[in-house]
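Asks: To start, I am sharing the structure in question, which I have written as structure tokens.
The values are calculated or read from the model by the stated rules, or taken from the named source; none is laboratory data. Keep in mind that this is a model prediction, so the values were computed, not measured. Here Cβ is always computed from backbone atoms with ideal geometry, including for glycine, and neighbour counts include all displayed protein chains. We work out accessible area using only protein heavy atoms, side chains counted, and drop any ligands, DNA or RNA first. Shrake-Rupley method; radii C 1.70, N 1.55, O 1.52, S 1.80 Å.
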Amino acid sequence: MELGNPENSSTALMTDFLKKCGGYAVVDGGFATELERHGADLNDPLWSAKCLISSPHLVRRVHLDYLDAGADIILTASYQATIQGFVAKGFSEEEAESLLRRSVEIACEAREIYYDKSTTGSWDYNECGNISRRPVLVAASIGSYGAYLADGSEYSGKYGDAVSLETLKDFHRRRLRILLKSGADLIAFETIPNKLEAKAYAELLEEERINIPAWFSFNSKDGINVVSGDSILECASIADSCKQVVAVGINCTPPRFIHGLVLSIQKATSKPIVIYPNSGETYNAELKQWMKSSGVVDDDFVSYINKWREAGASLFGGCCRTTPNTIRAIGRVLTKNPQTSSGAKIEMQSRED
């Protein structure tokens, strides 16, 4: 599906995709959790991006697991992949750029493998009764400056006075340029912790004349503001003002906060809202571990979906500690109560666990 036509408005681009998906789209889930389940050791500053070097086959496997679970959008393993991070591990800048491109290539390869092996149950019928492939988008993930620091500051947004708007733009610019030309369908700016970084992304999209769409997703720990304390309304307004942004939302945030945040975001934008919360557990930056005290199980996500949809969200997935089973659960709720439209998806067979 082509999302990069500059003649269409940004909202229309995502609206068309959502219509082809039946009104709502499913985003994939936690990546590191699944890589570890497949045997990867992610105790490294590069985190899941380490697997681009050591075990790209596992990256492909996780993408396929989420496609099989019903994801309409898969995010690349580039969240913590930066030129600066790879260089710090001893790679040349050319090798670092190649690894960034490879993150998108692997996701695209997984999509083609999925299409090749798809059965009738994975296809859609349009209003004329013709069969077509359900659309699957590859989103190139860009993590925050704090993700590169690997010190937990992506969960606080506290970068210090030395980090300015220009610092952030200079840090992200080259990676954005590379991912722009990598073959991704859109750019996903994820876990944005403060207003400053949102502004840096918006200015970069304008300055670099980015011709593919993007989404901005913020994180919150109180359901009112983003993690830095900046107003979610102000942050969403920055995203809304950027013509390249096709969706605005929340990720890596406890599910209990999502409903209120969706309502707040709606006050600042009419663009589609994307939400992919974490499991509800708490990340300990010192131990570099997720604490399991308050996590929700997959069935709990099912109980939230309709409430989030009624509040105005239209793209649903999971973040840290969620799994393909979570995505299956989300998909089942959405297909039980699909939006009525001429492009509505007809479910040919149930998706089994």
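Asks: Give me the number: length gained by fully extending Ile113 to Ser98, i.e. 0.36 nm times residue separation minus the C-alpha to C-alpha distance, one decimal in nm. The partial results should precede the final answer.
Replies: Numbers: separation 15, 0.36 × 15 = 5.40 nm, distance 2.18 nm.
Once the chain is fully extended between Ile113 and Ser98, it gains 3.2 nm.
Asks: At a 1.4 Å probe radius, carbon and sulfur cover how many percent of the accessible area of the range 9-335?
Replies: Numbers: 5840 of 12290 Å².
Here carbon and sulfur together make up 48 percent of the probe-accessible area.
Asks: Which value, in debye to the nearest 20, gives the size of the charge dipole of the range 17-78 about its Cα centre, when Lys and Arg are +1 and Asp and Glu are -1 at the Cβ?
Replies: Working: 6 positive and 8 negative charges, 51 e Å.
That gives a dipole near 240 debye.
Asks: In the structure displayed, which of Lys267/Lys307; Lys20/Lys271; Lys169/Lys195; Lys50/Lys158; Lys243/Lys271 lie more than 19 Å apart, Cα to Cα?
Replies: On the way: Lys267/Lys307 17 Å; Lys20/Lys271 17 Å; Lys169/Lys195 13 Å; Lys50/Lys158 25 Å; Lys243/Lys271 10 Å.
Pairs exceeding 19 Å: Lys50/Lys158.
Asks: Restrict the search to the range 145-192; then list the trypsin sites (Lys or Arg not before Pro) that DSSP places in a loop and that have at most 15 other Cβ atoms within 10 Å of their Cβ. Let's see the in-between values first.
Replies: Numbers: sites: Lys158, Lys169, Arg173, Arg174, Arg175, Arg177, Lys181; in loops: Lys158, Lys181.
Sparse-neighbourhood loop trypsin sites (Lys or Arg not before Pro): Lys158, Lys181.
Asks: HN-Hα J couplings of the range 12-20 from phi, Karplus 6.51/-1.76/1.60, θ = phi - 60°, integer Hz, Gly and Pro as x?
Replies: 5, 4, 6, 4, 5, 4, 5, 4, 5
Asks: For Ser270 and Asp41, calculate 0.36 nm times their separation in residues minus their Cα-Cα distance, and state this gained length in nm to one decimal. Provide the component values of the computation, followed by the final result.
Replies: On the way: separation 229, 0.36 × 229 = 82.44 nm, distance 4.12 nm.
Result for the pair: 78.3 nm of gain on full extension.
Asks: Still on this structure: Please give the FRET efficiency for Val87 paired with Glu208, using the beta carbon to beta carbon distance and R0 = 25 Å, rounded to the nearest 0.05.
Replies: Details: r = 22 Å, r/R0 = 0.86.
Efficiency computed from Cβ-Cβ geometry: 0.70.
Asks: Then there is this: Once fully extended, how much extra length lies between Leu233 and Arg174, figured as 0.36 nm per residue of separation less the alpha-carbon to alpha-carbon distance? Can you show the working numbers first?
Replies: Details: separation 59, 0.36 × 59 = 21.24 nm, distance 2.88 nm.
So the extension gain works out to 18.4 nm.
Asks: At Lys181 and Ser54, where each label point lies 7 Å from the Cα along Cα→Cβ, what is the point-to-point distance in nanometres?
Replies: Calculated label separation equals 3.1 nm.
Asks: Using the Cα gyration tensor of the range 9-335, with a ≥ b ≥ c the square roots of its eigenvalues, what is the shape: rounded (a/c below 1.5), prolate (a/b larger than b/c) or oblate (neither)? Mind showing how you got there, number by number?
Replies: Numbers: a/c = 1.27, a/b = 1.14, b/c = 1.12.
Note, shape of the range 9-335 comes out rounded.
Asks: Hey, rough spin-label estimate for Leu149 and Arg332, points 7 angstrom out along Cα→Cβ, what's it come to in nanometres?
Replies: About 4.1 nm separates the two model spin labels.
Asks: Residues of the range 54-93 with backbone nitrogen within less than 15 Å of a virtual label 7 Å along the Cα-to-Cβ line of Val302, please, listed as ranges.
Replies: none
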